[in-house]
Amino acid sequence: MKPLFYCLMILIFSTGCSREKEVLLGNRTLPKKLLIQSYISPQDSVVTVTVRFTEALTRIIHSNEGYTDLVDNAVVIISGNGNQQYPLTFKKYVGYISSSNSIPIMPDSTYFLSVRTPDGYHAESFCRVPVKNVDPATVVIKELKDKLFDLSWNNVDTGIHYYCLINNVVYVEVNQPPRYDNSITWYGISNHNLSVRISMHNLQLSTKKYLSRGYEADLWICHTDFNFYEFTRTLTQQDRDNNNPFSEPLPVYTNIKNGFGVFAALNKTILYP
Amino acid sequence: MIGALLLFNSSIGQQRKILQGYVKEVKSGETLQGASISVGSENYLTNNYGFFSVKLPESDSVKMLVSHAGYSPVEIMIGSLPKFSNFLTIELSPTEDLLSEVTIKKKQNKISHEVQMSKVQITPQQIRDMPVLLGEKDVLKALQLFPGVQKPREGSAALYVRGGGQDQNLIILDEAPVYNVYHLFGFFSVFNNDALSNIELIKGGFPARYGGRLSSVLDIQMRDGSKDEVKGTAGIGLVSSNLTIEGPVKKEKSSFIFSGRRTYADLFLVPLTGQSASFYDVNGKINFELNPRNKIFYSMYAGRDGFSRKEKSGTDKDHQGFNWGNQTATFRWNHIFKRGIFLNSSLIYSNYHFKVFDASIRNNKKYFLQYNSSIKDIGVKSAIDFSLGKNNQLKAGLLVTRHLFAPNAMVFTDEQIDSVKKEKNQIETFEGAAFIENDINLNTNLKLNAGLRYSAFSTKDKFYSGFEPRLSWLYKLNNNLSIKASFASMNQYIHLLSNSGIGLPTDLWVPVTEKTKPQQSTQYALGIAKDFKNGNALTIEGYFKNMKNIIAYKNGADFLLLSTGSGSGQDLRPVSWENNITVGKGWSYGAELLFQKKQGRLTGWIGYTLSWTFNQFDSLNNGKSFYARYDRRHDISIVGILKIKENKTLSATWVFGTGNALNIPLYEYAGSLYNPSGTGLAYTFVVNDFGERNSFRGAVYHRLDISMQFYKKKRKNRVRTWELGLYNAYNKANPFYYYTNRSVGSDTRKLYYTTLFPIIPSIKYQLKF
């Protein structure tokens, strides 16, 4: 009895608690998928589509990864309501682009995106450009206290509409391309008049502190489609709740068939407060 | 051994036709639930309070056989009973006197004669004999070893019965519902085995007297305490120590029992790590036999868990943690009317509360967030139980409960932004039910338990009600083989919002509302029951269960029900739980096999479950159906308890289960926001994609546990027990949770799982005095 007792006591005090073990996925490995992202707007001068591959559990993604590993040999086509097809051309570090002169982005029009790669991957999507933008005359900005504003505007129409606020600070130097510093906020609303309380610390600071040194600031109110709203909402919320033990997992929205990412549309109203 | 002690009260009644009374354990006076009483070809069972009422035949030559698992049977000639007595107390002797019995032969109740199907009964002694994690004997973990009952993950004491969720189990301790039955994040249950007498789990074919939950009823009764002498049990284990004291208040008329447990890991952890995890629980019961026809009981339970973490750096301080606990109390009156009607009336109280807090001081500015959730019940229940004849037993009753929910109360202070908020939202509701059920022997081969329950629930804005028909049916093919079938319709008026993460005790009970309707289920079961000549038994059952209006958190919902809005902490506010949930449906079907070896030196059972469980919610998984988290295709349990010698018991359990259906990140990619600069993409986030909900199947689970118990009889009838145990004896690395991570030195991401318990030895000392 005694040797057994001593052996057990040694085991008790030498046993560790948790271990980790790699899971061998074997034939459960999932195929790679296309990752496609594109936002179109009647007010933008270019249309851009980025195409990449993502592989299941095999490749590390860095949070600052933007334009590396872009797929450069895909056939990317945007087609409009009239079935007219607009091919895009690849530009290194940017993606597939075309000027808005080549692809007219019109309100209330539906656009289809098709991406094919030489090794047989095919993904597609579509989106509809919101019919109206926000009427600037309905926008009211009221300062509540230092750096805090109430911002409201009329809904563009009855029914559910989605909006995005973009605070854009642009640094302008002579003979240099503009450098952008921006923040983005989004809201989903119903068919009531908007009254959104926002904190605009950056805008306030930027306008007061930097305008004299070559900065310009503006505020965009964008009427977006559901794809824009839902992708942006789920993308940022998943990132915010990543380490929250009280939070349920949140899948990031996609409207790309056979892939990930988003093909979305927005219609901007640009304000200079 | 003592055979029986018969106590007559001849002053009651006239010439007997109906015989009534109690079946009790000799000496201790504990009433025995489910004892079998055979009178000629008729079989009766004692009710939950050990009471029986049987119709006697005219002939005096007929024998009455009284038996119960673990007790020596008693045979009584009807003719030997006094003619003018109709009240009888029958006392049975336990056959498990450890130091005098080696080969145990017990008269068992025949499973093929019981109309109730889908039932599991286990005794505290069986639980004591079984090996378990760190030597902590646990009712719920013992029940997980039966078919149809599944555990969610390694170490957890939670029960998932026939595809139902945790909230769908009605768990009652002396008639009081216990809302959170877990200690230490679910690794142990709140039930102290030393204080318990009867443990019965019903998985389907629910009698009409039970209701309020969809999937199971776990009816646990506390012991009354010895009416004969003061005695007790003290134990020291690796996790906790326990003490139980019981004895007569007035010999043979009144008794008490008090039992308590406490962990002590926090005593060492706090000074060393600043972290604390602890629990305690106490059970108490006192009863008075006012006269043979009137008894009163008072029982209570109180338990509390705490987990906290403290940190200090200069003048900055942090303190975070959780507290949760239950309190229950039951005052019960049993009365027997002259015509053999048994009345049980109870006043019931139950309270569950949960608190999470986060307090800190930074630069001499205080930050404090406290979040509370609770449910308080107070109810009355009254039921009668009487015989309408030798083939007809009737039960009927009423109950009313007031629930007071406080799903999200918050206190928030942040001196940095000069913000103070207090929010409390209480919801008062009433739940009521009336039931009637009838046990009928239509002929010698055909038995029915037919019942009807009417349940109702009232909130401030809404009233729900519904009829719940129940039917259990038995047809004897021969004396040892029967076919059984059942149908049960159930309504559930309260919901549990439970986090699907790694097991924080984030239980939040909420009532039905106008938007969130009652959960409803219908269950059909069909099976056979076979008793073998040597006392062994086999049951095979198939079932189909359909569930409506079940709820789940929406994707991304936060349990704390707090919204931070778009700005800073100034916008912190509670949000409605109704906006955080989605309503859907579920269905489960499968087959269960249970073979029990009940006699001899080796006892135990083999259980096998084959099952499928699905859920469907319009706003989850794009509206497509998916496997429930607790879907498990195969589940096997083998339990063996071997009496090696009169003072040594060896026991082992082996479990095997298909891996859980999990929601893990299968893909990772960089997702970018819209870039207002016009070209390219703006800020990029790393995105985890989970694929189809619960589409990943975890690794299979299997584990062997062994324990050896050494008994020694000491002076003054004291018995000491040393128990040595091995949990996970062959050191299987079973998954606890999955995560993805980059492998060291390479640019690839892989899937890993963490195991929680390797081989773990345990030692426990117990003294009965």
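Which entries of B:LYS55/B:LYS381; B:LYS63/B:LYS338; B:LYS253/B:LYS643; A:LYS91/A:LYS142; B:LYS63/B:LYS231 show an alpha-carbon separation above 32 angstrom in the structure shown? Pairs exceeding 32 Å: B:LYS253/B:LYS643; A:LYS91/A:LYS142; B:LYS63/B:LYS231. Each residue of segment B:309-318 in order: what ³J(HN,Hα) in whole Hz does its phi give by Karplus 6.51 cos²θ - 1.76 cosθ + 1.60, θ = phi - 60°, with x for Gly and Pro? Ordered by residue, 3J(HN,Hα) equals 9, 10, 8, 9, 9, x, 8, 7, 9, 10 Hz. Close amide H partners of B:PHE87, meaning residues 5 or more places away or on another chain with modelled amide H under 5 Å apart, are B:ASN9, B:GLN20. A simple rule links phi to the HN-Hα coupling: the Karplus curve 6.51 cos²θ - 1.76 cosθ + 1.60 with θ = phi - 60°, which for segment B:641-654 gives 10, 10, 7, 5, 9, 5, 10, 9, 10, 10, 9, 8, 10, 10 Hz, with x for Gly and Pro.
With neighbours defined as other Cβ atoms within 10 Å of a residue's Cβ, the residues B:TRP605, B:TRP333 order from fewest to most as B:TRP333, B:TRP605. Over all other residues within a Cβ to Cβ distance under 14 Å of B:LEU398, the charged ones net out to 0, with Lys and Arg as +1 and Asp and Glu as -1.
Can you put B:VAL249, B:VAL115 in order of Cβ neighbours within 10 angstrom, beginning with the fewest? Can you show the working numbers first?
On the way: B:VAL249 13, B:VAL115 21.
So the residues, fewest neighbours to most, are B:VAL249, B:VAL115.
Please label the shape of segment B:201-266 as rounded, prolate or oblate, based on the square roots a ≥ b ≥ c of the eigenvalues of the alpha-carbon gyration tensor (a/c under 1.5 means rounded; beyond that, a/b larger than b/c means prolate, else oblate). Because a/c hits 1.5 or more and a/b fails to exceed b/c, segment B:201-266 counts as oblate.
Which net charge results when you count Lys and Arg as +1 and Asp and Glu as -1 among the other residues whose beta-carbon is under 11 Å from that of B:ASN48?
Details: positive: B:ARG209, B:ARG332, B:LYS395; negative: B:ASP174, B:GLU175, B:GLU200, B:ASP219, B:ASP385.
Net local charge, B:ASN48 excluded: -2.
Among the listed pairs B:LYS376/B:LYS517; B:LYS141/B:LYS476; B:LYS424/B:LYS460, a Cα-Cα separation exceeding 24 Å is found for B:LYS141/B:LYS476. What's the center-to-center distance, using Cα atoms, between segment B:689-707 and segment B:22-80 in Å? About 47 Å separates the Cα centre of segment B:689-707 from the one of segment B:22-80. Using modelled backbone amide H atoms (1.01 Å from N, in-plane), which distant-in-sequence or interchain residues come within less than 5 Å of B:PHE696's amide H? Amide H neighbours of B:PHE696, under 5 Å, 5+ apart: B:LEU662, B:ILE664.
Per residue of A:250-256, other chain Cβ atoms within 10 Å of the residue Cβ number 5 on average. Any idea how far apart B:ARG697 and B:ALA485 come out in nm if each label point goes 7 Å out from Cα toward Cβ? Each label point is offset 7 Å from its Cα along the Cβ direction, giving 3.3 nm.
From its DSSP helices (H runs of at least four residues, each -39,500 (n - 2.57)), chain B gives a residue-normalised ellipticity at 222 nm of -500 deg cm²/dmol. For segment B:623-637, backbone phi angles converted through the Karplus equation (6.51, -1.76, 1.60; θ = phi - 60°) give residue-by-residue couplings of x, 7, 5, 8, 5, 5, 4, 9, 5, 9, 5, 10, 9, 10, 9 Hz, Gly and Pro being listed as x. Answer rounded, prolate or oblate for chain B, using the Cα gyration tensor with square roots of eigenvalues a ≥ b ≥ c: rounded when a/c is under 1.5, else prolate when a/b is larger than b/c, else oblate. Taking the square roots of the gyration eigenvalues as a ≥ b ≥ c, chain B is prolate. Cβ crowding within 10 Å ranks A:ASP157, B:ASP194 as A:ASP157, B:ASP194, fewest other Cβ atoms first. Between the amide H of B:ASN109 and those of B:ALA69, distances stay under 5 Å, these residues lying 5 or more places away or on another chain, with hydrogens modeled in the peptide plane.
Each value in this text was obtained by applying a stated rule to the coordinates, not by laboratory testing. Small disclaimer: the values here were computed from a predicted structure and weren't measured. Reconstructed Cβ throughout: ideal geometry from the backbone, glycine too, with neighbour counts over all protein chains shown.
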